[in-house]
Number of protein chains: 2
Amino acid sequence: MKNNKYMDIYNFLKELIVNKKIKPGEKIPSESQLTKKFNVSRNTVRRAITMLINEGLVNSIHGKGVFILENSSPSFSIGGLQSFEEASKKNNLKYKTIIHSFEIIKTDKNLAKKTTFPLNTKLYKIKRIRNIDNENIILDVNYFNYEIIKGLNKIIAKKSIYDYVENNLKLNIAGAKKVLSVEKIEACEKNLLDLDNNELVAIIKNFVYLDNGVLFEYTESKHRYDKFSFTSYVRRI
Amino acid sequence: MKNNKYMDIYNFLKELIVNKKIKPGEKIPSESQLTKKFNVSRNTVRRAITMLINEGLVNSIHGKGVFILENSSPSFSIGGLQSFEEASKKNNLKYKTIIHSFEIIKTDKNLAKKTTFPLNTKLYKIKRIRNIDNENIILDVNYFNYEIIKGLNKIIAKKSIYDYVENNLKLNIAGAKKVLSVEKIEACEKNLLDLDNNELVAIIKNFVYLDNGVLFEYTESKHRYDKFSFTSYVRRI
DNA sequence: CGCGATTTGTACGTATGTATT
DNA sequence: TAATACATACGTACAAATCGC
């Protein structure tokens with residue numbers, strides 16, 4: 001972890017909030033109190049507080065203080081960007097990944113539109129089935145730019161592609177745009193998931209970028225509707 | 001709109017990005033260039049850039065510059081907190097609201113758990129059907145704290161409750177935690193929406209806070225699955 | 001390979017404005 | 001009115017990453 005002063009203050013405050021040492025509706029220590037306590041400048045304190053505001057844990061009121069929001073639980077991070085492997089480990093679930101298909105294709109007109117890759121871009125197309133506690137819960141359809149994610153193969157795909165991208169290729173992932181919708185599953189994919197007689201799945205479409213702004217991955221993550229939820233915080237204004 | 005210096009710089013940069021005057025993968029002007037152009041301190045420039053980073057429009061790389069992400073369209077704000085009225089107006093849709101029921105209740109054990117209001121809290125419970133282009137698309141089930149949202153009635157509910165809360169009661173809304181899931185609609189609500197023979201709906205559960213951190217509203221917004229999508233941006237780390 | 005120029009990252013200190021109590 | 005608390009903004013300094021020569 002980073003050992004910055006603003007992170008110290010951030011972690012200090014976050015611990016107070018998530019462990020309810022200060023209750024929802026109450027105020028965190030004032031900026032001047034925190035500058036004294038941590039022996040830092042006010043800018044540094046404000047930076048830590050700004051992070052908490054962006055996370056939706058607190059809200060500042062001019063002239064009054066910074067208030068803890070009710071329901072400020074750590075579940076806020078569920079919507080976060082993490083790989084299947086990371087998420088499953090964190091929640092101590094028995095999981096495995098089944099590679100259903102692995103091919104190299106080029107974008108045609110339809111696929112270019114859907115993925116926003118240019119026409120005729122060479123892509124890895126991978127279908128992976130995510131099995132949790134012996135049920136096929138998630139179908140991931142990944143498209144990786146062939147020229148960027150060099151040397152991808154089935155063995156890597158069985159483990160963690162993100163791990164390969166970051167630790168072997170030394171590429172840095174900036175973040176992802178996610179679009180969420182509910183759709184009927186395609187006929188050819190129906191038998192890959194353990195669905196009841198309902199054919200609807202929740203689909204998260206991920207557009208994932210490197211730190212230089214280049215799109216390197218488009219993925220559709222198709223979830224059994226009853227095994228899926230997504231959390232976020234939205235500020236007014 | 002606020003007339004702050006950092007907002008000027010933010011708006012200047014955002015205009016460049018959304019109108020593709022600088023293309024994805026390219027850099028925005030450096031911090032020192034912007035301080036000269038706007039005649040401000042570096043802190044002020046950095047604040048504007050930080051906002052763009054948080055929105056997922058750009059990504060900064062130490063020592064290199066701030067890069068525009070591909071797909072940096074303004075659709076990023078779809079997930080934003082806005083009332084049905086605001087959203088429909090913005091998109092120029094023909095809409096109307098039908099009040100299906102309006103009652104005053106108290107939380108029992110189940111409802112307290114679901115809404116996170118304390119047991120025996122007095123609430124307004126309102127069911128409203130949102131009709132867009134002559135189809136019943138959304139069913140909103142609102143629970144408002146009776147002691148906070150004083151004087152609510154059917155006429156207000158037919159228009160905009162948020163408008164009443166902010167302009168008449170002079171309360172300030174901080175933001176909302178949103179939890180998204182897909183569920184079977186309740187039998188008694190099935191005929192309120194124009195569903196096909198599928199009984200699944202996308203449900204957004206909203207926990208809405210005032211600026212002092214107090215929960216004043218819990219709402220379940222039930223959407224016809226085929227008329228619904230949700231966008232957000234998630235950063236790595 | 002090193003060195004300087006550029007660019008972002010962290011941090012400090014100060015001043016002034018505005019809202020709340 | 002005075003004290004407190006957050007908001008905006010300026011200026012400075014040094015660190016760390018990147019790039020070109």
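The values are calculated or read from the model by the stated rules, or taken from the named source; none is laboratory data. This is a predicted model, so every value here is computed, not measured. Methodologically, a virtual Cβ is constructed for each residue, glycine included, from the backbone with ideal geometry; neighbour enumeration extends over all protein chains shown.
A compact table of results
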{"read-out": "Residues of the stretch B:213-230 that turn out to be more than 17 Å from the chain's Cα centre (by Cα) and surrounded by fewer than 20 Cβ atoms within 10 Å (Cβ to Cβ), as a count", "value": "2"}
{"read-out": "B:Lys154, sole failed condition from (1) under 16 Å from B:Ile104 (Cβ atoms); (2) not assigned by TED's automatic domain parsing to the domain that holds B:Asn110", "value": "(2)"}
{"read-out": "Members of the stretch A:56-68 found to be modelled with pLDDT of 85 or more and not in a strand (DSSP E or B), listed by number", "value": "A:Leu57, A:His62, A:Gly63, A:Lys64"}
{"read-out": "Filter result (more than 10 Å from DNA strand C (Cβ to nearest atom) and not in a helix (DSSP H, G or I)) within the stretch A:5-42", "value": "A:Asn19, A:Lys20, A:Lys21, A:Ile22, A:Lys23, A:Pro24, A:Gly25, A:Glu26, A:Lys27, A:Ile28, A:Pro29, A:Ser30"}
{"read-out": "Members of the stretch A:43-58 that are within 12 Å of another protein chain (Cβ to nearest Cβ) and within 13 Å of DNA strand C (Cβ to nearest atom)", "value": "A:Asn43, A:Arg46, A:Arg47, A:Thr50, A:Met51"}
{"read-out": "Residue, farthest from DNA strand D (Cβ to nearest atom), within the stretch B:10-68, restricted to residues that are without any contact (Cβ under 8 Å) to a residue 60 or more places away in the chain and of a type in the set (Asp, Glu)", "value": "B:Glu15"}
{"read-out": "Matching residues, the stretch B:184-205, being within 30 Å of B:Glu147 (Cβ to Cβ) and without any contact (Cβ under 8 Å) to a residue 40 or more places away in the chain", "value": "B:Glu186, B:Cys188, B:Ile203, B:Ile204, B:Lys205"}
{"read-out": "Residue check for A:Val208: under 30 Å from B:Phe67 (Cβ atoms) and within 14 Å of another protein chain (Cβ to nearest Cβ)", "value": "yes"}
{"read-out": "Selection within the stretch A:164-203 - crowded, with 17+ Cβ neighbours inside 10 Å and of a type in the set (Lys, Arg)", "value": "A:Lys177, A:Lys178"}
{"read-out": "Failed criterion for B:Tyr209 (all others in (1) buried (at least 19 other Cβ atoms within 10 Å of the Cβ); (2) under 15 Å from B:Leu139 (Cβ atoms) hold)", "value": "(2)"}
{"read-out": "Selection count, the stretch B:59-74, where residues are within 7 Å of DNA strand C (Cβ to nearest atom) and either facing chain A (nearest Cβ under 10 Å) or within 30 Å of the chain's Cα centre (by Cα) (or both)", "value": "6"}
{"read-out": "Residue check for A:Asn71: away from DNA strand D (no atom under 15 Å from the Cβ), modelled with pLDDT under 90 and exposed (fewer than 13 other Cβ atoms within 10 Å of the Cβ)", "value": "no"}
{"read-out": "From A:Lys150, A:Lys154, A:Lys184, residue being more than 20 Å from the chain's Cα centre (by Cα) and modelled with pLDDT of 90 or more", "value": "A:Lys154"}
{"read-out": "Residue count for the stretch B:149-187, restricted to those that are of a type in the set (Val, Ile, Thr) and more than 9 Å from chain A (Cβ to nearest Cβ)", "value": "6"}
